[in-house]
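A short write-up of the structure that comes next.
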Amino acid sequence: MIIYQAQKSEFLHDVHHRDIEEVILEAFRARTGHKVSPEEIKAWANSLGFMGKVMVDDDIPADCGVAIEYTIPQTAKRVDFLITGKNAAQQPCLIIVELKQWTQAGKTPLDAVVTTQFKHGSKEVSHPSYQAWSYAALLENFNEAVEDHQIRLSPCAYLHNYSDPSGDLLDPFYAEHIARAPLFLKGDIERKKLQAFIKAHVRHGDKGQTLYDIEGGRIRPSRGLMDVLTGLLKGNPEFVLIDDQKLVYESALAQARKAVGGPIKPASKLKPGVESSPGNGNDTGADMGASPSTTINKRVLIVEGGPGTGKSVVAVNLLVALTQGTMVAKYVTKNAAPRAVYAAHLTGSFKKSFINNLFVGSGGFTECESNTFDALVVDEAHRLNEMSGLYGNLGEHQVKEIINAAKFSVFFVDESQKVTMNDIGDKETIRKWAAHHGATVEEMTLSSQFRCNGSDGYLAWLDNTLDIRSTANPTLDVAEFDFRVVDSPTELRRLILEKNALLVDGKPRNRARMVAGYCWKWPSKKDPAAWDIVIPEHGFEARWNLTKDGGLWMVAEESVHEVGCIHTCQGLEADYIGVIVGDDLVVRDGEVVTRPDRRASSDRSIQGWKQLAKVDKDLAAEKTDAIIKNTYRTLMTRGMRGCYVYFTDRETADFFRARLTGTRVETPPATTTAPVAAPASGAPAAPPLEAANEPTLTLLTREQARTTERAVPVVSLKVAAGAFSAAQSLEDEADHWVQLPEGFAAAPGLFVAQVIGESMNRRIPNGAWCLFRAAPAGSRQGRIVLVQHRDVTDPETGGSYTVKRYQSEKQGDGEGWRHERITLMPMSSDPRFMPLVLVPRDEEAVRVVAEWVAVVG
């Protein structure tokens, strides 16, 4: 829908001789019947006045098309300003201009996200360049006219009040997005740049014909989008369907065909250049999208499955298959984390791409017309809310609105994962609204367990132990699943860091994370230097993950040092999960007791329970009890291979520990030395390793190393002077060796050394035994390295060696480049550790001798 449409000459007349905002307001009311806020009317007057100055250029054709407030079909997204015409080659073209009133903006660590000031305070929003480009991507991938007429799309953003060319908005961090959609700022020079941009694309007028084609274009996935999705999913092991996952997937596709009418075949089977339409003699089947004359048979599929049964794997496969079959489909979840992670998994990149347009939130269907979408795939449907919007004041019921919006909707549900007072997605609710819309309902179950080492017994034991439901599993054999109760949060962190550093193809797997219940506030939200989760008796300090990595916390490289919450891990998984259970769940005299009053006051998941308790004390207790237990059940089922838990309450820890059997009931107690292997006959005894944290490495003599797999030499950083000289071989000179843990392989140049101190404790715990690679090749930028400095003694190692993150600034001089500055950065939770900055005169005194690989003990 386009609110205002004209040729340039008419638009300029309305700007200069009429109140353009009143013209737009009148058209908006006529087209939508809705009211408009005074702020938006003021924005029209301001921004369109500036666009009038831009369009007055005589070299911009007078008969080019102008459109204002174009709503992209099947979205709530409105494009501010469109210009159409033909380029030098007489091809139709469309310029998308995103208009902003901003005067300031701030950088964030999130891709394509900035902060800016609004009436009620600062808010995180999409970067204007990304916003403009995403609109172009939506049109290119879903508007049939763009593909059929080969319309060239050129997005840009115009911030006519923003005057700082060196501000955060133009930071190199956003360079990729600005390159795809140029940014134009305040001032005459910037306005001339925008005019040049328009004239470079629009050389001839089209009398608005391209606007007509765009507005009338049928909405379906483009062939380019289908081809890309096929390539992204093919061979991706994370999305392979197994057992009953395949059955649910095929059944869902069959129901989608019934909903839209007519048989279909995947678009990947179509011959190039052949339209997918009935009667073309190519036996390709009918287009999956329903034609206007097709009778719609609205259908709903409910798929129930517990943790690790592959609900999300099936959901992503369905999204791809439906899109390949020319259906307009979306993946829907309330939580942003699964949307961000699965989009990143598909593309192999954390950067936002057009794939993100396929992943949407659950609150965007409040004003959707019936059967707008062919299919909506709703993952984590138990997390749906009744009302939508930031303040919970929009719409009537999310389940009702989703079913209304789609011809076919599939809901993946696990009612045991409801974790807030507002979660209303259950099978009975879905059935009720399906009946309201006259939809046919079918139900299926995913039962095969692929998480928790495939152990149904672990899930049954956990439910029994948490007193969620009675099962025949009072004890857990930890040989079946690696579940451990640890004695301190520092031990928990060490285990997770160790598991996260396990190598795959020579790189850390990055598949272990820490999570916690909501028993700690979030002071670091306002003060980045503050600690959130503080357990002083163990010297433990950590921050919540909710700021820096956002929805990508589960996969971001540095996030292993932060603690996740239920909202950033639900629907996702790691290899190993470390859980901190707070005082909101304790065991007293053998009974599991939940205590909502022990949750942090900032916790919104049980917001309103005190008011409810005044009206119905038993109902409030029932609801909060289920939420707290479900929260920890969900957190403890995120691990594919293992779950390690620290309980702040000792009696609770003893209760869980007493219900474990097998060989891994306890984590071995910490010691000050690592165990020493018995020396070979006649060989000198190997000295103990210095101040090791845990007995996880076996020390060997040189003779033993010759017959032991995964053996690498040990180097003491206190006495290592000269050990890394070019003429010397570590393997030949070392007297002491260790056997690396499983998952690591020995190779020339690898050695183990102990890192003492707290200057790198965000990556390397004090006393950790680390694997290093000598003489690293390639760029050192950003790597953690072992550095020798002949004039400096590191107070932590006691020698001339230090472990730090390497950063360098280089300057070209016409004959090559030279270092302007080398900075050796600590990565510590203690702010007293300062960077070591080296200038050119220090360069000869510094030598990078090795690269850190992983913590191994």
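The order of the peptides 406-418, 153-165 by mean Cβ neighbours within 10 Å, most packed first, is 406-418, 153-165.
I'd like the FRET efficiency for Val837 and Asp171, computed as 1/(1 + (r/R0)^6) with the beta carbon distance as r and R0 of 22 Å, rounded to 0.05.
Values: r = 23 Å, r/R0 = 1.04.
My answer for the efficiency is 0.45.
Candidate cross-link partners of Lys186 among the lysines, defined by an alpha-carbon separation under 20 Å and a same-chain spacing of 8 or more, comprise Lys42, Lys53, Lys100, Lys107, Lys199.
Working note: Cα gyration tensor of the range 136-233, eigenvalues times five, square-rooted, sorted largest first, giving semi-axes of 30, 21, 10 Å. The HN-Hα couplings worked out from phi for the range 552-562 by the Karplus form 6.51 cos²θ - 1.76 cosθ + 1.60 (θ = phi - 60°) are 8, 4, 5, 10, 5, 5, 8, 6, 4, 8, 10 Hz, whole numbers, x standing for Gly and Pro. Shape descriptor for the range 79-214: Rg over Rh equals 1.00 (Cα atoms; Rh from the Kirkwood inverse mean 1/r). Taking amide H as placed 1.01 Å from N in the peptide plane, Asp477 has its amide H under 5 Å from the amide H of Thr661, each at least 5 places away in sequence or on another chain.
Where does the range 543-669 land on Rg/Rh, using Cα atoms and the Kirkwood Rh? Walk me through the numbers before you get to the answer.
Details: Rg = 16.1 Å, Rh = 16.3 Å.
Rg/Rh: 0.99.
Between Asp583 and Arg847, the modelled labels are 5.5 nm apart [label points 7 Å from Cα along Cα→Cβ]. Each Cα pair under 8 Å and six or more residues apart adds its sequence gap; the mean of these over the residue count of the range 381-513 is a relative contact order of 15 percent.
Counting only protein heavy atoms and using a 1.4 Å probe, the accessible area of His436 comes to about 110 Å². Under 5 Å between amide hydrogens, built in the peptide plane, is the criterion, and for Val579 it picks out Val515, Tyr644, Val645, Tyr646 among residues at least 5 positions away or on other chains. Potential lengthening of the chain between Gln104 and Arg31 amounts to 22.9 nm, from the contour at 0.36 nm per residue minus the alpha-carbon distance.
Quick check on my link table: of Lys35/Lys407; Lys35/Lys123; Lys119/Lys418; Lys334/Lys407; Lys207/Lys407; Lys35/Lys119, which ones sit more than 28 Å apart, alpha carbon to alpha carbon? Could you put the intermediate results ahead of the total?
Details: Lys35/Lys407 30 Å; Lys35/Lys123 24 Å; Lys119/Lys418 34 Å; Lys334/Lys407 20 Å; Lys207/Lys407 37 Å; Lys35/Lys119 19 Å.
Pairs exceeding the cut-off: Lys35/Lys407; Lys119/Lys418; Lys207/Lys407.
Computed extension gain for Asp735 through Asp63, at 0.36 nm per residue and net of the alpha carbon distance, reaches 233.5 nm.
Residue ranges 565-572, 54-61, 29-36 sort as 565-572, 54-61, 29-36 when ordered by packing (mean number of other C-beta atoms within 10 Å per residue, highest first). Note on Leu394 and Glu369: the model spin-label points, each 7 Å out from Cα along the C-beta direction, lie 1.9 nm apart. With a 1.4 Å probe and every protein chain left in place, work out the accessible area per residue of the range 543-644 in Å², rounded to a whole number. Using a 1.4 Å probe on heavy atoms only, each residue of the range 543-644 averages 38 Å².
Phi angles across the range 247-253 convert, under the Karplus curve 6.51 cos²θ - 1.76 cosθ + 1.60 with θ = phi - 60°, into 3J(HN,Hα) values of 5, 5, 4, 5, 5, 5, 4 Hz, Gly and Pro given as x. Amide H to amide H distances under 5 Å link Glu98 with Cys156, Ala157, Tyr158, where only residues 5 or more positions off or on other chains count and H is placed in the peptide plane. Pairs of Cα atoms in the range 1-127 fall into 5 Å distance bins, from 0 up to the last occupied one, in shares of 2, 9, 17, 20, 18, 15, 11, 6, 1, 0 percent. Between Ser163 and Ala200, the contour length at 0.36 nm per residue exceeds the Cα-Cα span by 10.9 nm. Working from label points 7 Å from Cα in the Cα-to-Cβ sense, the Arg783 to Ala747 distance is 1.2 nm.
The values are calculated or read from the model by the stated rules, or taken from the named source; none is laboratory data. No experiment lies behind these values; they were computed from the predicted model shown. Virtual Cβ from ideal backbone geometry, glycine too; neighbours counted across all protein chains shown. Side chains included, ligands, DNA and RNA excluded: accessible areas come from the protein's heavy atoms. Shrake-Rupley method; radii C 1.70, N 1.55, O 1.52, S 1.80 Å.
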